[in-house]
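Notes for the one structure printed next.
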Amino acid sequence: MPPIVRCPAEPYGGGWHGAPDDAHRPDARVDWLRFAPVQPVFRARAAQRLAVLAYHGVTDPRSFGAQLDRLRRLATPVSLGAVLQAVTERRPLPARSVLVTFDDADRSVLTHALPALNARGIPAAAFVISELIGTERPFWWHEADFLARHGGRARSLDCGHPSQLLPRLKAMPDPDRRRSLHELRVSADRRPPRQEQLSPADLRALRDGGVAIGNHTQGHPCLGRCDDATVRAEITGAHEDLTRWLGEPPIAFAYPDGGHDPRAEAVLQELGYRLGFLSDHRLGPRLPSHPLQISRLQVDSTTSTRRFDTILSGLEPAYLRWRGQPMA
């Protein structure tokens, strides 16, 4: 059995599951941080750190464009290749370096993010759930939410309020999660709507447009709830798929549960991966000391400009840790 670890709570500002919910955004609660007396101190310190931004989809192209414009003014956007070069040559990245990344890689990365990035000459990286590529299947967390709201039931999910569904699923051992999803599918009154996913050709278009493609496992389980064989299969299966589609092996991985898993790191080392990314809402060193454990900042395309600044400076992450905000 794998060690018992905590799966991440639903992250603030959209999180790694589902569409953003404006009614639950913390922007209004933390916007004031931009005017805090310590913000200039944090901004100065951040200039000597690496900020890796972890987006999901782009639901607000206009706001996302404004964020990219701000990056061009305040930061030095870098590519995944530049981070790899820094690690290889043991030479720190430039001051104020920022890498833009996307997890899950829904179609908005192609339709909204890529044009905005290209218009500003900003590179990025997208981490792909391989079993969804070329399909019309929804992300499993979207599917579970829809099924539960349309009569779906599972023996292990009799937990009352619908808001508890995803935390319960994420906390289950992976076989139980899969079994519960099957029960939801069998018992629901309706099937979830189709969701067009990226195709292999779309992945190549992203790569050719300056968005590096990385591994995000086959099915996006919580790795800490998987046995050793499943951890290996999830990583190697996606690795083989991406190598076949792209004609070259990926060299970067994003942990789908946000937190580091030593068994996953061992598999990544065997496969020749050079970079691995967490979702811990932290800045990292300009020369990553643990290349397979690089910190990232959680951000969303709808994040307000004021909050975006405090995320980049590291002030909001520090404040949320001080407040005891759950993080991956």
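The values are calculated or read from the model by the stated rules, or taken from the named source; none is laboratory data. Keep in mind that this is a model prediction, so the values were computed, not measured. Please note: Cβ atoms are built from the backbone with ideal geometry, for glycine as well, and neighbour counts cover all protein chains shown.
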Item to complete: Assess whether residue 119 counts as being more than 14 Å from the chain's Cα centre (by Cα), farther than 19 Å from residue 245 by Cα and touching a residue at least 60 places away in the same chain (Cβ under 8 Å).
Response: no
When you scan the stretch 180-197, do you find a residue that is modelled with pLDDT of 95 or more and within 16 Å of residue 247 (Cβ to Cβ), even just one? no
Of the listed residues (67, 85), the one being touching a helix residue (DSSP H, G or I) at 6+ places or on another chain (Cβ under 8 Å), assigned to a helix (DSSP H, G or I) and closer than 26 Å to residue 288 by Cα is 67
Of the residues in the stretch 179-210, those that are more than 20 Å from residue 128 (Cα to Cα) and not small (Gly, Ala, Ser) come to 179, 181, 182, 183, 184, 185, 186, 189, 190, 191, 192, 193
| message | It is to be established whether one or more residues within the stretch 182-200 are closer than 25 Å to residue 99 by Cβ and either touching a strand residue (DSSP E or B) at 6+ places or on another chain (Cβ under 7 Å) or buried (at least 20 other Cβ atoms within 10 Å of the Cβ) (or both). | response | yes
Checked pairs for the stretch 166-183, first closer than 19 Å to residue 228 by Cα, second outside any helix (DSSP H, G or I), C-beta under 6 Å and 6 or more apart or across chains, list as 170/7; 170/222; 171/7; 174/221; 174/226
Check on residue 165, surrounded by 15 or more Cβ atoms within 10 Å (Cβ to Cβ), touching an Asp or Glu at 6+ places or on another chain (Cβ under 8 Å) and more than 23 Å from residue 130 (Cα to Cα) | yes
Taking first residues from the stretch 73-88 that are within 19 Å of residue 208 (Cβ to Cβ) and second residues anywhere that are aliphatic (A, V, I, L, M) and assigned to a helix (DSSP H, G or I), the pairs with Cβ under 6 Å that are 6 or more apart or on different chains are 77/71
Picked from the stretch 13-25 (must be closer than 16 Å to residue 279 by Cβ and surrounded by fewer than 21 Cβ atoms within 10 Å (Cβ to Cβ)), the residue modelled with the highest pLDDT is 18
Counting only residues in the stretch 51-64 that are in a helix (DSSP H, G or I) and touching a residue at least 60 places away in the same chain (Cβ under 8 Å), the one farthest from residue 118 (Cα to Cα) is identified as 63
Residue count, the stretch 32-59, condition basic (Lys, Arg) and touching a Leu at 6+ places or on another chain (Cβ under 6 Å), comes to 1
Subset of the stretch 89-109, residues touching a residue at least 60 places away in the same chain (Cβ under 8 Å), small (Gly, Ala, Ser) and more than 14 Å from residue 294 (Cα to Cα), comes to 95, 105
When restricted to 187, 180, the only residue among the hydroxyl-bearing types (Ser, Thr, Tyr), farther than 19 Å from residue 105 by Cβ and in contact with a Ser or Thr (Cβ under 6 Å, 6 or more places away or on another chain) is 180
Given the conditions (1) of a type in the set (Ser, Thr, Tyr); (2) within 18 Å of the chain's Cα centre (by Cα); (3) closer than 28 Å to residue 305 by Cα, every one holds for residue 63 apart from (2)
Just one listed residue, out of 153, 137, 207, is part of a helix (DSSP H, G or I), surrounded by fewer than 20 Cβ atoms within 10 Å (Cβ to Cβ) and of a type in the set (D, E, K, R), and it is 207
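Yes/no per residue for (1) assigned by TED's automatic domain parsing to the domain that holds residue 181; (2) surrounded by fewer than 19 Cβ atoms within 10 Å (Cβ to Cβ):
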residue	(1), (2)
86	no, no
93	no, no
101	no, no
120	no, yes
145	yes, no
Has the stretch 26-43 got any residue that is in contact with a helix residue (DSSP H, G or I) (Cβ under 7 Å, 6 or more places away or on another chain), assigned to a helix (DSSP H, G or I), more than 30 Å from residue 225 (Cα to Cα) and modelled with pLDDT of 95 or more?
-> no
